[in-house]
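Structure first, commentary second.
Any read-out appearing in this document is the output of simple, stated calculations on the displayed coordinates, not a laboratory observation. Note that this is a predicted model, so its numbers are computed, not measured. Positions of Cβ are backbone-derived with ideal geometry, glycine not excepted, and every protein chain shown enters the neighbour counts.
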Amino acid sequence: MPTDTPRLSREGYNLQRSVMRDLLRFAVDPNVISLAGGLPASECLPLDGLKECLDTVLSRDGPRALQYSPQHMGLRSWIADYMGSRGVSCTPEEIFITNGNQHGLAILSRLFLDPGEPAVIEEVTFTGIHQVTGGRDAEVRTVPTDLDSGVLVESFEEALKASPTPRLSVLITDFHNPLGVSIAEEKRAKLAGLAAKYGVPLIEDDPYAPLRFRGKAIPAIKAHDEAGIVFYLGSFSKMLAPALRLGWIVAPADLMPRITTLRESFDLESSTLYQRAVAEFVSRGMLEPHLEKITAAHGERCATMLRALDEHLSEVARWSKPDGGVFVWVSLPERLDTTEMFHQAIERQVAYIPGGVFSVDGSTKNALRLNFSNVKPEAIEEGVARLADVIRTALQA
Ligand SMILES: Cc1ncc(COP(=O)(O)O)c(C=O)c1O
């Protein structure tokens, strides 16, 4: 038996384990109040509805529901209609069904980015975006994000126009992970225009848009894309259930053969059964009441968290006030390091994600991300009170 590890590819070697996943292990102790996750409210997941739809699909479609099959045309049509609510006019032929937005990021990063080439991402962003650019060994250029209005347009332009021209850019549109902010309406057309001007594909990662609990929906960046250079990623993970592992890419129809072939090389296709069950769920009109229920719960939990932060931390912290999504971003005094503080928090039986894990250079080490969606209101109050104790102790040290 050989004992040496075989030589790894650059990607196999470069890929960094998600620190966030490591930290989430500490949060599974039932005594720990976990404000660390990013899941939709468990109590609101549509168990009965999905069970009914799976039953219908299995009894109506029989073995066809369990075979390989082309992408589900009914679901692609429904998604094309849904995109209308994001201000995007597209046909079912421009929809490509994926296994969620992370899959979409992986597919598009391989479609556009050769190893070592430049890519533009936000200075503080979702760890899955670091993983795909890191995996491609990209020369990462970062752009700051304003906590009230989203990515800075001027800095985005600087990054796009620097030589050599980047091959890819990625922005999170609504209810940013981890910052909670949405890109201001007036910036969106400018961002699409810049992607077109410099010929840089812009991946619009937008899984949280359907989880708005306050205010009016804002059309996506893709709604302003006349050049076909914005690639929209949507997901059923947050709006329906993460375990379905279904999402989609909106891309020009002439690129579909390339996207299809590339995707086939990873995992052939998405589950026939789940595509049919989700198509059944949405065509029965079950999504709208589900979204109403889940966003009402999230809105109440977010309000509870903001009140608790006000009560316990108003003197030492600042935080985002999201209109949807599942996260609040809390900034603490510069001298605190929330990674160092994490173990004291676990001892005090509360968990969060330290801010440093979301930035390439760890510069947001004095911030932390809190989740409100999958924690009951009483636990949110208690969790924030415990967190405030930990922060006060760290400030006195
Ligand atoms: C901004 C962002 N993009 C992508 C993903 C991955 O989503 P999916 O479950 O659709 O793969 C997440 C999940 O947390 C996310 O926050």
- Message: Along the Cα→Cβ direction, 7 angstrom out, place labels at Glu347 and Ser163. What is the inter-label distance in nm?
- Response: 5.6 nm
- How large is ³J(HN,Hα) for each residue in the stretch 141-146, as worked out from phi by the Karplus curve 6.51 cos²θ - 1.76 cosθ + 1.60 (θ = phi - 60°), to whole Hz, x for Gly and Pro? 9, 10, 10, x, 10, 6
- Task: Normalise the Debye intensity by I(0) for the chain, one equal point scatterer per Cα, no solvent, then take log10 at q = 0.08 Å⁻¹ and round to two decimals.
- Result: -0.43
- Fewest-first ordering of Leu147, Leu105 by Cβ atoms within 10 Å yields Leu147, Leu105
- Query: Cross-link partners among lysines for Lys222, C-alpha distance below 16 Å, same-chain residues fewer than 8 apart left out?
  - Reply: Lys187, Lys190, Lys197
- Note on the structure: Using the Kirkwood formula on alpha carbons, the hydrodynamic radius of the stretch 247-397 in angstrom works out to 18.5 Å
- If Tyr198, Tyr13, Tyr68, Tyr352 are placed from fewest to most neighbouring beta carbons inside 10 Å, the sequence is Tyr68, Tyr13, Tyr198, Tyr352
- Using alpha carbon positions and the Kirkwood radius, the Rg to Rh ratio of the stretch 1-101 is 1.10
- Got a sec? How would Leu246, Leu160 order by Cβ neighbour count within 10 Å, fewest to most? Leu160, Leu246
- Net charge of Cβ neighbours under 12 Å - reference Ala192; Lys, Arg +1; Asp, Glu -1: +2
- Query: Along the principal axes of its C-alpha atoms, what lengths does the stretch 71-268 span, in descending order and rounded to whole Å?
  - Reply: 42, 41, 31
- Per 10 Å bin, what is the whole-percent P(r) computed from every C-alpha pair distance within the stretch 253-331? 14, 24, 20, 23, 15, 3
- One would report the antiparallel percent of DSSP beta bridges in the stretch 71-268, rounded to the nearest 5, as 40 percent
- Note on the structure: On the formula 1/(1 + (r/R0)^6), with r taken between the Cβ atoms of Asp267 and Ser89 and R0 of 35 Å, the FRET efficiency rounded to 0.05 is 0.70
- Task: Go ahead and run the numbers for FRET between Arg17 and Asp337, Cβ-Cβ distance against an R0 of 22 Å, rounding to 0.05.
- Result: 0.60
- Message: Below 8 Å, C-alpha to C-alpha, sequence gap of six or more: please give me the relative contact order for the chain in percent.
- Response: 23 percent
- Message: Under the rule a/c < 1.5 gives rounded, and otherwise a/b versus b/c splits prolate from oblate, where does the stretch 175-322 land using the Cα gyration tensor?
- Response: oblate
- Would you list, by chain and number, the lysines whose Cα falls below 16 Å from the Cα of Lys293, excluding same-chain residues fewer than 8 positions away? Lys238, Lys376
- Once the stretch 185-270 is represented by equal point scatterers at the alpha-carbon sites, with solvent omitted, what log10 I(q)/I(0) does the Debye formula produce at q = 0.11, 0.24 Å⁻¹? -0.37, -1.20
- Tell me, what HN-Hα J-couplings in whole Hz come from the Karplus equation 6.51 cos²θ - 1.76 cosθ + 1.60 at θ = phi - 60° for each residue of the stretch 287-301, using x for Gly and Pro? 6, 4, x, 4, 5, 4, 5, 6, 6, 5, 5, 5, x, 5, 5
- Once you have all Cα-Cα distances for the stretch 128-241, histogram them in 10 Å bins from zero and send the whole-percent values. 14, 47, 33, 6, 0
- Would you calculate, for the chain, the mean residue ellipticity at 222 nm contributed by helices, counting each DSSP H stretch of 4 or more residues as -39,500 (n - 2.57) and dividing by all residues, to the nearest 500? -13000 deg cm²/dmol
- Once Rh for the stretch 323-397 is found with the Kirkwood sum over Cα pairs, what is the Stokes-Einstein diffusion coefficient at 10 °C and 1.306 mPa s, in µm²/s? 125 µm²/s
- Query: Which aspartates and glutamates have a Cα less than 14 Å from the Cα of Lys51, not counting those fewer than 8 places away in the same chain?
  - Reply: Glu280
